[in-house]
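The values are calculated or read from the model by the stated rules, or taken from the named source; none is laboratory data. Keep in mind that what you see is a predicted model, and the values were worked out from it rather than measured. Cβ atoms come from the backbone with ideal geometry, glycine included; neighbour counts cover every protein chain shown. The accessibility values were calculated without ligands, DNA or RNA, using every heavy atom of the protein model including side chains. Shrake-Rupley method; radii C 1.70, N 1.55, O 1.52, S 1.80 Å.
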Amino acid sequence: MNFRTVFRPVRKRATAAGAAAAVAVLSLAAATSADATSEHRRSEKQPTKKPTVVLVHGAFADSSSWNGVIKRLQRDGYPVVAPANPLRGLASDAEYLDSYLKSVKGPIVLAGHSYGGAVISQAADGNPDVKALVYIAAFTPEKGESALELSTKYPGSTLPSALNTVSFPLPGGGTGTDLYISTEKFHDQFAADVATPITDLMAATQRPVAASALEEKATRAAWKTIPSWSLIATRDFNIPPAAQRFMAERAHSRTAEIDASHAVSVSRPDEVARLITKAARSTVR
């Protein structure tokens, strides 16, 4: 038997099979490389989604007090919402905000001004979507503390002498007390570095806060588990700067100070937006 004759065809088939396998491997490698390149290009075209910034106003103001800040954040590509704060009671206001936050998809940066700081501290506790807290001339209460208590902890607040009281009926019966800043005192007390024509409008449209809301003690403190930033207004006659510093230091907040009135979101929107942006950038890794 001629072994060369018998086995030569087998060698040819083996060689052909090896060549086909090599082509298949090369094709697979090329396809994998193409897929990787395509995925890389897609990732370059789809930047990391920015967190939603939720802005919560405090007493004697409304959501329009954030307008200048909103304009700057939106210009930088951040989705922004500024829901109304009921200003009826700390627990109920926080429950309202908590329900609103459930409608926001994705990561959240939560900012509060004045009494709004107490509300966000209560509402954000236990919410995994809230990645940063920002306090703008705001209360940062510990459990068991009230806004009224913190505003009188250090000297400097002239708010009590600027207030007017108005009674209102409570849903379950009885009477509550709403607090307003007197129209003639609003500019100097609340927004001394804002033009008078603007503060005249702010005074006329101010939202009152129930006195009981400022007296109600906090039961939660989200700043203990969520990173925080604080902007201290050094010409604040509502919350003394010393009180703001005390709360910021206790919360281990990243802190900035600014020569501004209590209405810092109106008078210095660039600086407020800048601090919020710093907090937002920290959430993107």
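Any chance the range 183-192 includes a residue that's exposed (fewer than 15 other Cβ atoms within 10 Å of the Cβ) and of a type outside the set (S, T, N, Q)?
Checked the range 183-192: at least one residue is exposed (fewer than 15 other Cβ atoms within 10 Å of the Cβ) and of a type outside the set (S, T, N, Q).
From the list K153, K131, which one is open to solvent by 60 Å² or more (accessible area, probe 1.4 Å), at pLDDT 95 or above and more than 11 Å from the chain's Cα centre (by Cα)?
K153
Within the range 225-262, how many residues are out of contact with any strand residue (DSSP E or B) (no Cβ under 7 Å at 6 or more places or on another chain) and over 22 Å from A132 (Cα atoms)?
5
Tell me whether the range 57-69 contains one or more residues that are closer than 23 Å to K143 by Cβ, at pLDDT 95 or above and surrounded by 18 or more Cβ atoms within 10 Å (Cβ to Cβ).
yes
How many residues does the range 70-94 contain that are assigned to a helix (DSSP H, G or I), open to solvent by less than 10 Å² (accessible area, probe 1.4 Å), within 18 Å of A211 (Cα to Cα) and of a type outside the set (D, E)?
Within the range 70-94, residues that are assigned to a helix (DSSP H, G or I), open to solvent by less than 10 Å² (accessible area, probe 1.4 Å), within 18 Å of A211 (Cα to Cα) and of a type outside the set (D, E) number 2.
On the given criteria, is L97 part of a helix (DSSP H, G or I) and open to solvent by less than 20 Å² (accessible area, probe 1.4 Å)?
Here the answer is yes, as L97 does meet what is asked.
Name the pairs whose Cβ atoms lie under 8 Å apart, with the first residue in the range 111-133 and farther than 18 Å from A61 by Cβ and aliphatic (A, V, I, L, M), the second part of a loop (DSSP other than H, G, I, E, B) and open to solvent by less than 10 Å² (accessible area, probe 1.4 Å), and 6 or more positions between them or separate chains?
V130/A124; A132/P51; L133/A124
Does S230 count as part of a strand (DSSP E or B), in contact (Cβ under 8 Å) with a residue 12 or more places away in the chain and in contact with a helix residue (DSSP H, G or I) (Cβ under 6 Å, 6 or more places away or on another chain)?
In short, yes.
Scan the range 243-259 residue by residue and report those that are touching a residue at least 60 places away in the same chain (Cβ under 8 Å) and either under 25 Å from Y78 (Cα atoms) or in a helix (DSSP H, G or I) (or both).
A243, Q244, F246, M247, A248, R250, S253
For the range 234-285, give me the residue count where each residue is under 25 Å from Y154 (Cα atoms), open to solvent by less than 20 Å² (accessible area, probe 1.4 Å) and touching a Pro at 6+ places or on another chain (Cβ under 7 Å).
1
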